[in-house]
Amino acid sequence: MELDQNVVTKSRFLHISSKILQEAAFTTSKEILLEMGHFFQVQDDYLDCFGDPAITGKIGTDIEDNKCGWVINKALLICTPEQRQTLEEHYAKKDPESVRYENFIIMYCFYNSGFTFETL
């Protein structure tokens, strides 16, 4: 049986083209999905600290649970040394007063830095 070079070449071309298109689609999809995942995590961490449990359906405990979330990391980047000291003193404490301190300092840091979701 003799192979038709045109058929083999077209078939091989289609196979290679398909692989290239798949890789491009994968790369594009990966970029989009990573960005969506980042936004979801930021939003989830933010709502954990500041969301209304009546609306979110959950009571956030990231601060009390000593989680290394987006909110505390962002706050530590923009806070003053005095605010950082207060954050370090109260972070991961189970008492409601410490949580209120944390939330107040974090909100104050965000407010004074001009934070918006658009400036993530």
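The values are calculated or read from the model by the stated rules, or taken from the named source; none is laboratory data. Computed from a prediction, not measured in an experiment: that's the story for all the values here. Every residue, glycine among them, receives a Cβ derived from its backbone with ideal geometry; neighbour counts consider all protein chains shown. Please note that ligands, DNA and RNA were not included when accessible areas were found on the heavy atoms of the full protein model with its side chains. Shrake-Rupley method; radii C 1.70, N 1.55, O 1.52, S 1.80 Å.
Observations on the model:
- Estimated FRET transfer efficiency when R0 is 25 angstrom, pair I59-E31 (beta carbons, to 0.05): 0.15
- Dipole of the chain computed with +1 at Lys/Arg Cβ and -1 at Asp/Glu Cβ about the Cα centre; of C109, L34, L77, farthest Cα towards the positive end is L34.
- For K74, the accessible area of its heavy atoms, probed at 1.4 Å with every protein chain present, is near 50 square angstrom.
- The Kirkwood radius of the range 49-120, taken over pairs of alpha-carbon atoms, gives through the Stokes-Einstein law at 20 °C and 1.002 mPa s a diffusion coefficient of 170 µm² s⁻¹.
- Using Cβ point charges alone (K and R +1, D and E -1), the dipole size of the chain about the Cα centre works out to roughly 400 debye.
- Counting every alpha-carbon pair across the chain, the share separated by more than 21 Å comes to 55%.
- Converting phi to 3J(HN,Hα) with the Karplus coefficients 6.51, -1.76 and 1.60 and the offset θ = phi - 60°, the range 32-42 yields 5, 5, 5, 5, 5, x, 4, 4, 4, 5, 4 Hz in sequence order, with x at every glycine or proline.
- Sites M107 and A24, calculated FRET efficiency, Cβ-Cβ separation with R0 30 Å, nearest 0.05: 0.10
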